[in-house]
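The values are calculated or read from the model by the stated rules, or taken from the named source; none is laboratory data. Note that the structure is predicted; figures quoted are calculated from it, not measured. Note that each Cβ is placed from the backbone with ideal geometry, even for glycine, and that neighbours are counted across all protein chains shown.
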Amino acid sequence: MINSIIVDDEPLAREGLQGLLKDNQQINLMGSFNSVSKAKEFLKQNKVDLIFLDIEMPNVSGMEWAYTLDKDILVVFITAYTNYAIDSYEVNAVDYLLKPISLERLNTAIEKAHKYKGILSEGSANTVDKIDRDYMLIRADKRFFKVRFEHILFVEALKDYVIIYTKDNKLIANMNLRTIHSSLSEELFIRVSKSFIVNKDKIDSFDNHTIYIGEHEIPVGEAYKDSFLNTFF
């Protein structure tokens, strides 16, 4: 069960989301708030796993607050504006939901949150024990996993952890994205946002906003777009 709250200054939006969540067996909705300040007070006394957070709010925006949240709290942004989609991934958000929210799209976000909650728990004890020229060793489940850099598809940041994706596996390690990026070959890897590093040789296709690697879609951050495109043109 995922302990969750809603933070949105629009009453109808809060009520609508509460209605969509009421029968979801994975969500324990603990409260609904119309401002960041009220949600902050609630968090002082209660442990929350996930916040459904509106971006555009008076005084303190959801985006500003998300940068300050505890590393164990996950965020799903909700907004009426499509231009925030890439920004949401810049703060390691689980997902981005556009109003009006459909039940199908909401369930997808909840499944992702459930997966990420498990990843945060699982990855807390995993460490990168060695980084060599061509590979790294990750200690997990009392074993050492040898991950060759050439086999990495991409690396995703999640709070203070990284998720390393290969074709057949994914490993979670207690390391930030900046540290792992400094250890990877610049000829092979490129950082494309605050949350993602990709293996250039594994890219199947791309446009100005998204990179496609197999079934994975990786957003390109606005600040990284020019350097990414210049790699190919």
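I want to confirm something. Restricting to region 74-97 and keeping residues that are over 9 Å from the mean Cα position of the chain (by Cα) and closer than 18 Å to Leu177 by Cα, which single residue is modelled with the highest pLDDT?
Asp87
Of the residues that sit in region 121-135 and are under 23 Å from the mean Cα position of the chain (by Cα) and among the aliphatic types (A, V, I, L, M), which one is modelled with the lowest pLDDT?
Ranking the qualifying residues of region 121-135, first place goes to Ala125.
Filter region 192-224 for residues that are of a type in the set (Lys, Arg) and surrounded by 20 or more Cβ atoms within 10 Å (Cβ to Cβ) and give the result.
Residue satisfying the conditions is Lys202 alone.
Go through region 65-80 and count every residue that is farther than 18 Å from Glu10 by Cα, surrounded by fewer than 22 Cβ atoms within 10 Å (Cβ to Cβ) and not aromatic (Phe, Trp, Tyr).
Selection size over region 65-80: 7.
Just wondering, is there one or more residues in region 164-172 that are closer than 29 Å to Asp70 by Cα, outside any strand (DSSP E or B), at pLDDT 85 or above and assigned by TED's automatic domain parsing to the domain that holds Tyr96? If you could, list the steps in order and put the result at the bottom.
Of the residues in region 164-172, the ones closer than 29 Å to Asp70 by Cα are 164-166, 169-172.
Next, only the ones that are outside any strand (DSSP E or B) stay: 169.
In the following step, the residues that additionally are at pLDDT 85 or above were identified as 169.
Next, only the ones that are assigned by TED's automatic domain parsing to the domain that holds Tyr96 stay: none.
The answer is no, given that none of the residues of region 164-172 is closer than 29 Å to Asp70 by Cα, outside any strand (DSSP E or B), at pLDDT 85 or above and assigned by TED's automatic domain parsing to the domain that holds Tyr96.
Being without any contact (Cβ under 8 Å) to a residue 24 or more places away in the chain and surrounded by 14 or more Cβ atoms within 10 Å (Cβ to Cβ) narrows it down to one residue among Leu188, Leu153, Leu177, Leu171; which is it?
Residue meeting the stated conditions: Leu177.
How do the pairs read when you match residues in region 195-206 that are closer than 14 Å to Glu150 by Cβ and outside the structural domain of Met175 (by TED's automatic domain parsing) with residues anywhere that are assigned to a loop (DSSP other than H, G, I, E, B) and modelled with pLDDT under 95, using Cβ under 7 Å and keeping only pairs 6 or more apart or on different chains?
none
With free of Cβ contacts under 8 Å to residues at least 60 places away in the same chain and in contact with a strand residue (DSSP E or B) (Cβ under 8 Å, 6 or more places away or on another chain) as the only criterion, which of Ile2, Ile27, Ile55 stands out?
Among Ile2, Ile27, Ile55, only Ile55 is free of Cβ contacts under 8 Å to residues at least 60 places away in the same chain and in contact with a strand residue (DSSP E or B) (Cβ under 8 Å, 6 or more places away or on another chain).
Of all residues being assigned to a loop (DSSP other than H, G, I, E, B) and more than 21 Å from the chain's Cα centre (by Cα) in region 185-233, which is farthest from Ile131 (Cα to Cα)? Just the residue, please.
Among them, the one singled out is Phe233.
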